[in-house]
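Reading through the structure tokens given below for one structure.
Just so it is clear, none of the values below were taken in a lab; they were calculated from the coordinates. These numbers come from a predicted model, not from an experiment. Ideal geometry is used to build each Cβ from the backbone, glycine not excepted, and the neighbour counts take in all protein chains shown.
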Amino acid sequence: MISIVPSLLNGAVITLQLLVSSMFFGLIIGLIFAILRINKNPIINKFSYGYSYFFRGTPLLVQLYLIYYGLANIEFLRNSFFWVIIKEPYWCAIIAFSLNTGAYTSEILRSAFQTIKKGYIEAAQSLGVTKKITFYRIQLPIAIKQSLPAYGNEIILMLKGTSLASVITIMDLMGEARKVNVLTFKPFEAFITAGIIYLFITFIIHNIIKYLEKKYGFQT
Amino acid sequence: MELLSFGDTGWGDELFFATLMTIAVSIAAMAMGFVFALIFTPLKLSKNKTLNVIGNCYTTIIRGVPELLVIYLLFFGGTGAAMYVASIFGYNGYIEINAFITGALAIGIISGAYSTEVFRGAILSIDKGQFEASKVLGIKKNIQFYKIILPQMLRLSIPNLSNVWQITLKDTSLISVTGLVEIMRQSYIAAGSTRDPLFFYSVAAVLYLMLTFLSMKLINKLEIKYSKGY
């Protein structure tokens, strides 16, 4: 039982790497699409809606397979510079996870933008604050603070999502657990130990978010 | 488009039946989830500390570990357990348990945890005065539950249950790793034998989008129907 822990912990490091990098890119994507979404131009608006609808309406596994197996099928991409990136399962996983979490993050941020009280923006306008400064100094900070609890949930959902990386040959925590199961024929030990590690990571993320909420939480 | 024709040359009929399989697994999982939720919601709301801890453990653990882990645990662990039980009775061969049942059970356990939270929230949002009023009127506890709490709970939880349904529907794609032929598995097979993964995974994505879109429409109708008079 103890002997399998080191290899699982090695896997957990990969899981955390996947999580951190996809959350980072996902946040940027989400922010961009949330801003596009509150744009008044119907085409930009619809485009952003379509993006989030597609990535929220299909399973993460489909997206992962589309990127890992599907993109490699396009001759043009195979001959281009992108091949360096998309031939690696690790990068494919990060692309898929980032796009997926980006869609959810854009929805979270959008609803945060839309629930900002109109009074704040009107007050800024009447004080002669420019639109740009209103956005960066008033709307954005409030939106980020308001979306903290929902974003915390999204991080935990993504942590669970990274386990799918194991089906495209990445040896993350789940992949290591599968290997242990195959080598030792002890499914309960392998998967329950991995489950405990996952729970432990969830617990830490949950507490960090709780702390941040307490410190920066926004009360309306 | 030829690839999608029905009959021996195309994958249309295979994908069609795979879609039906996805729907069947989702419904079975959702129903099992309801059973789990109806067991664990009272535990979570109970005043007894031990029962409370059991209820909380269920929802916390299941919502904290990856879905894939639950599926693997049931699939590999279930096979091991079944073979162990069989060996007691003198059968030592390999037993493979049904992928549909394990898959639906695994997803059911997961969706049950989400449904439990939804039901708990719905019961907590029912006005306290109703509990007191029924107590004053001398209505028995179980009648109070079936005639007063349950109908309101179901109505209040329709919007959130639609989210749970979407999650469940998408989670069923994970059962493909155990070999059950649903949309994901069928596209995997088709992609493998035609060497056109881009096309077949796009078809899978479209099928899932159709399912989520249609179920959304249906649930919205239900919501309007049951919120009449409120």
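Here are some notes:
- For segment A:158-181, a tally of residues being more than 9 Å from every other protein chain (Cβ to nearest Cβ) and part of a helix (DSSP H, G or I) returns 7.
- When segment B:171-202 is filtered for residues that are farther than 19 Å from B:F75 by Cα, buried (at least 20 other Cβ atoms within 10 Å of the Cβ) and more than 10 Å from chain A (Cβ to nearest Cβ), the ones remaining, listed by number, are B:Q186, B:A190.
- The listed residue being in contact with a Leu (Cβ under 9 Å, 6 or more places away or on another chain) and closer than 24 Å to B:F34 by Cβ, out of B:L222, B:L218, B:L198, B:L211: B:L211
- Pairs where the first residue, in segment A:120-140, is more than 18 Å from A:L109 (Cα to Cα) and the second is assigned to a helix (DSSP H, G or I), C-beta under 7 Å, 6+ apart: A:A124/A:T134; A:A124/A:I138
- Residue count for segment A:163-184 under the criterion of being free of Cβ contacts under 8 Å to residues at least 60 places away in the same chain and either touching a helix residue (DSSP H, G or I) at 6+ places or on another chain (Cβ under 7 Å) or of a type in the set (K, R) (or both): the result is 3.
- Segment A:89-101 - residue that is under 15 Å from A:G70 (Cα atoms) and of a type in the set (A, V, I, L, M, F, W, C) and, of those, surrounded by the most Cβ atoms within 10 Å (Cβ to Cβ): A:A93
- Filter result for the condition that a residue is under 24 Å from B:I224 (Cβ atoms) and either crowded, with 17+ Cβ neighbours inside 10 Å or charged (D, E, K, R) (or both), over B:S134, B:S125, B:S115: B:S115
- Some residue of segment A:29-48 being closer than 27 Å to B:F200 by Cβ and in contact with an Asp or Glu (Cβ under 9 Å, 6 or more places away or on another chain): no
Listed here are the residues, each with its yes/no results for (1) surrounded by 15 or more Cβ atoms within 10 Å (Cβ to Cβ); (2) within 11 Å of another protein chain (Cβ to nearest Cβ).
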| residue | (1), (2) |
| --- | --- |
| A:I35 | yes, no |
| A:N41 | no, no |
| A:Q63 | yes, yes |
| A:A72 | yes, yes |
| A:V84 | no, no |
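- Flag if A:Y104 is crowded, with 18+ Cβ neighbours inside 10 Å, within 18 Å of the chain's Cα centre (by Cα) and within 14 Å of another protein chain (Cβ to nearest Cβ): yes
- Only a single criterion out of (1) out of contact with any Lys or Arg (no Cβ under 9 Å at 6 or more places or on another chain); (2) within 12 Å of chain B (Cβ to nearest Cβ) is not satisfied by A:P59, namely (1).
- Restricted to helices (runs of 4 or more DSSP H) entirely inside segment A:1-118, those with at least 3 residues that are touching a residue at least 12 places away in the same chain (Cβ under 8 Å) are A:5-37, A:42-57, A:60-65, A:89-114.
- Hits in segment B:61-100 - residues which are outside any helix (DSSP H, G or I) and within 11 Å of chain A (Cβ to nearest Cβ): B:V65, B:P66
- Filter pass, A:P187 being facing chain B (nearest Cβ under 9 Å) and without any contact (Cβ under 8 Å) to a residue 12 or more places away in the chain: yes
- Any hit, segment B:49-60, residues being more than 24 Å from A:I204 (Cα to Cα), of a type in the set (A, V, I, L, M, F, W, C), more than 16 Å from the chain's Cα centre (by Cα) and away from every other protein chain (no Cβ under 14 Å): yes
- From the list A:I197, A:I205, A:I209, the one residue that fits, being more than 13 Å from every other protein chain (Cβ to nearest Cβ), among the aliphatic types (A, V, I, L, M) and buried (at least 16 other Cβ atoms within 10 Å of the Cβ), is A:I209.
- Residues that are surrounded by fewer than 15 Cβ atoms within 10 Å (Cβ to Cβ) and in a helix (DSSP H, G or I) within segment B:1-15 comprise B:E2, B:D13, listed in sequence order.
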